[in-house]
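Below is one structure, written out as structure tokens; comments come after it.
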Amino acid sequence: MFTYNKPDNLVELFEEAVARYSDNDLFGVKNEDGTALSWMTYKEVGRRVDNVRGGLAQLGVSKGDTVGFIGNNRPEWALSAFATYGLKARYVPMYEAELLDVWKYIIGDSEVKVLIISKRDIFERVKGLVDELPKLEKIIVIESEGENSLAELEKIGENNPVPSVRPSPQDLAGLIYTSGTTGAPKGVLLSHGNLSSNAQAGYHFYPELDENSRSISILPWAHSYGQTAELYNYFQFGGAIGFMESVATLAKDMQLIKPTFIIAVPRVFNKIYDQIHAKMNETGGTVKKLFQAAVETAQKKRDLAENNKSSLLVNIKFAILDKLVFSKIRDQFGGCLRGALTASATMNIEIANFFINVGIPVFDCYGLSETSPAVSMNNRENYRLGSVGKCVEYVRVEIDKSVVEEGATDGEIIVYGPNVMQGYHKKPKETKAVMTADGGFRTGDRGRLDQDGFLYITGRIKEQYKLENGKYVFPASIEEDIKLLPHVANAMIYGDGRKFNICLVVPDFLVLEKFVREHNLPSDPKELVLSKEVNTLIADEITMFLEGKYGGYEIPKRFKLLVDDFALENGMLTQTMKLKRRAVIDTYKNDIEALYG
């Protein structure tokens with residue numbers, strides 16, 4: 001049994017924050033014309049949580065019951081969650097952009113009693129579930145008025161107050177359903193101790209976060225990364241969270257919210273990096289020369305510092321170029337961003353170096369839903385590019401080499417600590433398959449630890465495959481590198497049991513527009529993917545980019561350009577943007593076979 005730090009539950013974590021930071025801004029939402037933010041203080045959020053808790057109690061929600069939520073990140077997400085926690089009930093968040101069948105499965109599997117949803121159009125899709133699922137008794141709509149609205153629920157709760165109950169660390173806080181690349185979703189059972197200990201462990205890696213810290217909420221709280229690293233984390237130091245309207249408005253929302261630290265994924269920074277370099281190449285001239293000088297000078301300044309040296313001339317030159325060049329890049333993030341935490345894939349070292357030079361260090365971390373999620377993190381004082389950092393407080397990792405090929409320097413990552421899940425809901429066989437006898441969680445990820453305790457991810461055991469020659473291939477890392485190329489939007493490597501790898505490529509048709517104009521090519525994507533010029537351009541770019549970084553057997557020999565991107569809507573991506581390889585292979589099996597013909 002683990003000894004948990006106080007607070008050892010999410011109710012206490014939240015209520016202590018409300019008491020300590022009552023007048024601080026907590027949640028910021030754009031007003032109707034999108035020109036300003038309306039802020040809710042910790043005190044106001046606390047009062048509304050009390051009201052929702054009272055309303056849920058009047059609906060009969062009590063210890064062990066389940067409250068479901070369908071919606072994007074918004075203040076009501078947190079109101080519903082902490083009202084639920086305060087009744088010792090379980091909270092099950094779901095994505096707003098989801099298939100009805102998935103909602104139905106999760107609501108039925110977790111036995112949701114009260115379902116809170118964001119919009120009327122969602123209500124029209126799910127209202128029939130009350131008749132189909134015997135445990136579902138009530139649906140509450142946020143953007144609505146009258147009897148079944150959240151506003152009415154809050155009024156009922158205000159008139160019928162119910163004090164909160166402090167759960168034990170072993171009490172379940174909720175379920176997070178992993179979308180999974182195969183099979184039905186699995187409900188990960190996470191306790192109050194799992195989540196509160198993990199939020200604290202992460203915060204202890206970032207002591208610079210304080211009451212003046214502000215985040216822009218990008219990643220969905222329906223996933224454990226957004227929940228723990230942002231929502232629960234920010235309560236600990238009285239920080240504020242502004243909500244982006246959508247991915248399409250992210251750039252404008254950054255200017256409005258002016259975040260100081262963000263929780264994100266590498267793709268956010270990869271895209272900005274690509275855009276900056278594409279613009280520099282297109283502009284050319286003095287602007288490009290200044291940009292290159294800034295990058296070179298920043299790197300020189302860092303190289304000197306790493307050897308405990310300094311140069312007055314370099315420092316002066318950097319100060320000038322930083323103001324002329326890098327400050328403009330920082331302005332794209334709102335002008336106040338001091339750093340970011342990213343997960344889901346390790347940052348490309350070149351891109352990570354670039355943002356350190358710009359003054360926005362991006363720190364890689366690693367985790368899974370089953371580990372609440374943080375396992376390891378880099379931070380300002382301790383980071384190693386290419387790694388996912390050192391284990392957070394009270395968490396340890398073992399590398400099991402018995403499940404990989406003989407002679408390998410890496411193995412399966414096994415995680416131990418107070419962050420490890422209670423199991424998969426109603427799935428004892430699946431739980432047993434991933435848990436060791438001494439309480440460790442088998443991640444399915446391959447990795448290695450260096451002599452200083454930094455963890456490196458080297459592949460995914462379930463995704464690796466052998467070529468005909470017996471060589472192992474880890475496709476995800478190759479794909480991540482390919483997606484850094486400006487003309488590539490997405491890619492998938494395949495070669496299981498074959499003589500060589502092939503690559504399915506989704507071109508970035510917007511970036512290709514300049515090439516299309518210069519070569520007088522048709523603009524229709526269906527015609528472009530058949531164009532010899534475009535096929536040669538992308539194949540040569542990928543091959544040259546991978547040479548020197550990967551073995552010859554890993555570099556794809558043939559390519560197929562696709563019109564349609566891999567997406568949630570066509571079933572080829574999970575909610576966390578992971579590739580559903582089997583779905584892609586099944587969809588394009590004829591094209592794949594043709595490449596080997």
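The values are calculated or read from the model by the stated rules, or taken from the named source; none is laboratory data. In this text, all values refer to a predicted model and were calculated from it rather than measured experimentally. Note that we place each Cβ from the backbone using ideal geometry, even for glycine, and neighbour counts take in every protein chain shown. Heavy atoms of the whole protein, side chains included, go into the accessibility calculation; ligands, DNA and RNA do not. Shrake-Rupley method; radii C 1.70, N 1.55, O 1.52, S 1.80 Å.
For segment 344-432, with every protein chain kept in place, what is the accessible area per residue (1.4 Å probe, Å²)?
40
What number comes out for accessible area per residue over segment 42-159 if the probe is 1.4 Å? Units Å², please.
39
Kindly provide the Kirkwood hydrodynamic radius of segment 327-411 in Å, to one decimal, from all pairs of distinct alpha carbon atoms.
Roughly 14.6 Å, rounded to one decimal.
Around M435, which amide H atoms from residues at least 5 apart in sequence, or from another chain, sit under 5 Å from its own amide H, with H modelled in the peptide plane?
Hits under the 5 Å cutoff: R442.
Tell me the carbon and sulfur percent of the accessible area for segment 432-552, rounded to whole percent, probe radius 1.4 Å.
51
Counting other Cβ atoms within 10 Å, which trypsin sites (Lys or Arg not before Pro) in segment 376-416 have at most 14 and lie in a DSSP loop?
R380
On a 0 to 90° scale, report how tilted helix 532-546 is relative to the longest principal axis of the chain, with both axes built from alpha carbons and the result rounded to the nearest 10.
Roughly 80 degrees between the two axes.
Give the cross-link partners of K135 among the lysines, using a straight C-alpha distance below 24 Å as the criterion and excluding same-chain residues fewer than 8 apart.
K63, K88, K104, K113, K119, K127, K186, K426, K427
Per DSSP helix of 4 or more residues, -39500 (n - 2.57); summed, then divided by the residues of the chain. What does that give at 222 nm, rounded to the nearest 500?
-10500 deg cm²/dmol
According to the square roots a ≥ b ≥ c of the eigenvalues of the Cα gyration tensor, what is the shape class of segment 161-223, taking rounded for a/c under 1.5, prolate for a/b larger than b/c otherwise, and oblate for the remainder?
Cα axes put segment 161-223 in the oblate bin.
Determine how large the accessible area of R267 is when every protein chain is in place; take a 1.4 Å probe and give Å² rounded to the nearest 10.
90
Per residue, how much accessible surface does segment 174-309 expose to a 1.4 Å probe? Answer in Å², no decimals.
39
Does segment 1-112 come out rounded, prolate or oblate by the C-alpha gyration tensor, with a ≥ b ≥ c the root eigenvalues, rounded set by a/c under 1.5 and, if not, prolate when a/b is larger than b/c and oblate if not?
oblate
Please list the non-local residues whose amide H lies under 5 Å from the amide H of S376, H modeled 1.01 Å from N, same-chain partners needing a gap of 5 or more.
Y366, V392
Let a ≥ b ≥ c be the square roots of the eigenvalues of the Cα gyration tensor of segment 294-356; is it rounded (a/c under 1.5), or, if not, prolate (a/b larger than b/c) or oblate?
oblate
Leaving ligands and nucleic acids out of the surface, order F205, F82 by accessible area at 1.4 Å, largest first.
F205, F82
Could you tell me how many degrees, from 0 to 90 and to the nearest 10, lie between the Cα long axis of helix 349-358 and the main elongation axis, the longest principal axis, of the Cα atoms of the chain?
The answer is roughly 70 degrees.
For a quick check of your reading of the filter: which trypsin sites (Lys or Arg not before Pro) in segment 520-597 sit in a DSSP loop and have no more than 11 other Cβ atoms within 10 Å?
Taking segment 520-597 and a limit of 11 other Cβ atoms within 10 Å, the loop trypsin sites (Lys or Arg not before Pro) found are K549.
How about segment 461-495: which GluC sites (Glu not before Pro) there lie in a loop by DSSP and see at most 16 other Cβ atoms within 10 Å?
Passing sites in segment 461-495 are E468.
When we measure straight from the Cα of K471, which lysines land under 20 angstrom away, once same-chain ones fewer than 8 places off are left out?
Hits, sequence-local ones excluded: K401, K462, K499, K549, K557.
Taking all protein chains as present, what is the carbon and sulfur share of the accessible area of segment 112-220, in % to the nearest whole number, probe 1.4 Å?
48
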